[in-house]
Amino acid sequence: MCGVWKRYCKCVCVCTCQRWYSKFRSGDLSLQKSDRSRRPSKIDNDVLRSMLENNSHLTSQEIAEESGIHHTTVGDHIKSLGFVLRAVSMVNTFEKSILSF
């Protein structure tokens, strides 16, 4: 255990040492982290991509309101698809408020 500690870092939390100890004791000698299963995504990236290709002026907030998902989650998915998030200009926001009257 001391060799592992010296090789990989100078400061290890007690809980990390405990996790390593139980892992090694069970016979798993690898230091690689195991893949964790994630919660299934509520956003279908194919649907999101088609929405953005059909209307490139959609904002993450508009998509979030339509899909019932938090806008930062939508933004993360937009970035993962390779799209660039753009800030909506104040002029467009002002024009939208005038048109809604």
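Structure notes:
- Test: residue in segment 78-92 that is modelled with pLDDT under 90, surrounded by fewer than 12 Cβ atoms within 10 Å (Cβ to Cβ) and among the aromatic types (Phe, Trp, Tyr): no
- Leading residue by the ranking (modelled with the highest pLDDT) among those in segment 13-57 that are hydroxyl-bearing (Ser, Thr, Tyr) and exposed (fewer than 10 other Cβ atoms within 10 Å of the Cβ): SER26
- Meets criteria (part of a loop (DSSP other than H, G, I, E, B), out of contact with any His (no Cβ under 8 Å at 6 or more places or on another chain) and at pLDDT below 65) for LYS10: yes
The values are calculated or read from the model by the stated rules, or taken from the named source; none is laboratory data. Fair warning: this is a prediction, and the values are worked out from it, not measured in the lab. Don't worry about glycine lacking a Cβ; one is built from the backbone with ideal geometry, like all the others, and counts go over all protein chains shown.
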